[in-house]
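Asker: Next up is a structure, given as structure tokens.
The values are calculated or read from the model by the stated rules, or taken from the named source; none is laboratory data. Model, not experiment: these values are computed from the prediction. No Cβ is skipped: glycine too gets one built from the backbone with ideal geometry, and neighbour counts run over all protein chains shown. For the accessible areas, the whole protein counts, side chains as well, though only heavy atoms, and no ligand, DNA or RNA atoms are used. Shrake-Rupley method; radii C 1.70, N 1.55, O 1.52, S 1.80 Å.
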Amino acid sequence: MTDLVAGGEASSLRLALRALHRVPERQCVAALLEAARLDAERSAAALKLAHQLTQSLRQRRAGASGVDALMHEFSLSSQEGIALMCLAEALLRIPDTATADALIRDKLVAGDWRSHIGRGRSLLVNAAAWGLMISGELVSTHSEEGLAAALGRLVARGGEGLIRRGVDLAMRLLGQQFVLGRTIGEALQRARVCEERGYRYSFDMLGEAALTADDAQRYLRDYEEAIEAIGQAAGARGVRDGPGISVKLSALHPRYAFNQRDRVLAELAPRIAHLCLAARDRSIGLNIDAEESELLELSLDLLEQLAAMPQLADWPGLGFVVQGYQKRAPAVIDYLADLAQRNGRRLMVRLVKGAYWDSEIKRAQVEGQLDFPVFTRKAHTDVCYLACCERVLIHSDRIYPQFATHNALTLATVWQMCQRAGLTDWEFQCLHGMGESLYDELVRPDPQSVRCRIYAPVGSHDTLLPYLVRRLLENGANTSFVSQVADPDLDLAHLLADPAAQAQATHGAPHPRIARPPQLYGTTRANSLGLDLNDEATLASIETGFEGAAQRAWHAGEPSGAVAAVTNPADRSRRIGTVVEATTAHLERLLAQAHQAAPQWA
């Protein structure tokens, strides 16, 4: 494989990016601390604003509804919250109904759902709790005792299959809290309410990675139709003030993987270029969404081609999403700024904290990698995010900043950073159904107010669950601001603690309860070492090894005897060495040697 990035400076930036992929966490954090800090005056101003926003949020919690109330009620740290996630994961990933039913029985029976009913809770929480409580009793009671005869007969007729369908419906109901509409037309209609209040939108057509060519074509048509509809609704508002779209590259190709790089660049590049041209023609923005860490460089390769297209040169709507929980994030910002500079353009950059943390950690452990590609402490991710904000602002002549956060202190700190830089051409972003309550205090129809763009998923019921699971895992974790702000007993000083001070107190050390991949089994044994097959340097090393082995003359057998040629089984015209076949005498001698050594083996 050859690196697509040409030129000395560009190559050095890509190499710097790769060098940070699995760098030790302590080393990475130490290099970011200074950039993540404000001076005393601005830090105090940021903390004051964060206090105001958080107190206002808590006052509105008394009337909380929807997913905000649900996540407060069923925290992921509770038994019931874990059960909800297990059920969602079961419905998403378990291919056979028998295993799904077994998991549903296991998780629902043990849940204390009755304790979550009543006491003035929202209708959504009560409905979910009642459904889960009744489902738990249904699947744990295989007689008519303790339940009405009708319910007993219902279980006998429907069993776990009925409950499974009921839980599926419940998950879809919850998913609707995160999804703006089933179709792009419905979403655009619903978006008008928030647009009148001063918000902007970026629409995302829901769907996970394409598994077949038909999937990819269907997603492509969805994006085409969405761009057309968004463009019509945008009118003459333009990229900055009008709605835009986010695109997942993995939805546009069934083999979107680093080991299929040549095929992806040949087949996917024309598709994403086609969508960009359509977005350009309708004067809307298009952001390439972030996905798992192993896809980052492949996404950058595609962005490299798009940024260099003469047809897109005057279009300010090309964007890219950067995940702050990746150790490479600061280097990605530098690379994007250089890419924009080389092509004489300005790129939109949406900075997020990241939504795939759990799978990134587990995959690195399972694969036996040297270290994680992401930070293991939330404070370290926050430090990296703020350091990336500073980098984005430094490059604001080549980057249009889009800061996505639901954390009040992060929001306030970013605001102070932008004021310090004297920059007014930037925006916040938040997730539909998650962040509006934080930004409602700041966003107004006045053009001079804070700009905030809502990331709004669009899709039918059968596409909701994967997105719902990711959002609940990301924002329902007991360390997230969205989850913690709902707890009135949590002291604001703890909730709004300075991440840089926290990181300095731990000296940037990784979380002690998250085993690094080599130490996955503790002192029992070392984890088997894997190869990072999504890393350019690793692949180049393997290729060099293959080439060296191909040049070597291989010989097996004793020096004397009848020599036979050995050819490559994949290419019989290629001779790779020779072999001397064992004779009966050879075998007798080897058996005798083994017999003599046998006592030593006992």
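Asker: In square angstrom, what is the accessible area per residue of the range 312-446 with a 1.4 angstrom probe?
Answerer: Averaged over the residues of the range 312-446, the accessible area is 28 Å².
Asker: Please compute the length gained on full extension between Q504 and D491, using 0.36 nm multiplied by the number of residues separating them and subtracting their Cα-Cα distance.
Answerer: So the chain would gain 2.6 nm between Q504 and D491.
Asker: Could you work out the percent of alpha carbon pairs in the range 278-425 separated by over 25 Å, rounded to a whole number?
Answerer: 30 percent
Asker: Once Rh for the range 213-262 is found with the Kirkwood sum over Cα pairs, what is the Stokes-Einstein diffusion coefficient at 10 °C and 1.306 mPa s, in µm²/s?
Answerer: Reported coefficient: 128 µm²/s.
Asker: Give me the extension gain from A582 to A30: residue separation times 0.36 nm, minus the current Cα-Cα distance, reported in nm with one decimal.
Answerer: 192.6 nm
Asker: Sorted from largest down, give the three principal axis spans of the alpha carbons of the range 503-602, whole angstrom values.
Answerer: 71, 46, 18
Asker: Moving to a separate point now. Using only C-alpha positions, report the orientation-averaged shadow area of the convex hull of the range 234-303, nm², one decimal.
Answerer: Projected area, direction-averaged: 4.7 nm².
Asker: Report the label-to-label distance for E41 and D314 in nanometres (one decimal), using points 7 Å from each Cα along the Cα→Cβ vector.
Answerer: Here the modelled spin labels are 4.4 nm apart.
Asker: In the range 231-277, carbon and sulfur make up what percent of the accessible area (probe 1.4 Å)?
Answerer: 48 percent
Asker: Also: Residues of the range 514-602: accessible area per residue at 1.4 Å, in Å²?
Answerer: It amounts to 76 Å² per residue over the range 514-602.
Asker: K248: which lysines have alpha carbons under 18 Å from its alpha carbon, excluding same-chain residues fewer than 8 sequence positions away?
Answerer: Partners within reach: K353.
Asker: Let me ask something else about it. For the range 267-356, take the alpha-carbon Rg, divide it by the Kirkwood Rh, and send me Rg/Rh.
Answerer: Reported Rg/Rh, Kirkwood definition of Rh: 0.95.
Asker: Cut-off 20 Å, label point 7 angstrom out along Cα-to-Cβ of Q232: give me the residues of the range 262-286 whose amide nitrogen falls inside.
Answerer: 275-286
Asker: While we're on this one: How would you classify the range 406-449 from its alpha-carbon gyration tensor, with a ≥ b ≥ c the square roots of the eigenvalues: rounded for a/c under 1.5, else prolate if a/b is greater than b/c, otherwise oblate?
Answerer: Verdict is oblate for the range 406-449.
Asker: Place +1 on the Cβ of every Lys and Arg and -1 on the Cβ of every Asp and Glu in the range 503-564, take the dipole about the Cα centre, and give the residue among W554, A526, A537 whose Cα lies farthest towards its positive end.
Answerer: The listed residue farthest towards the positive side: A526.
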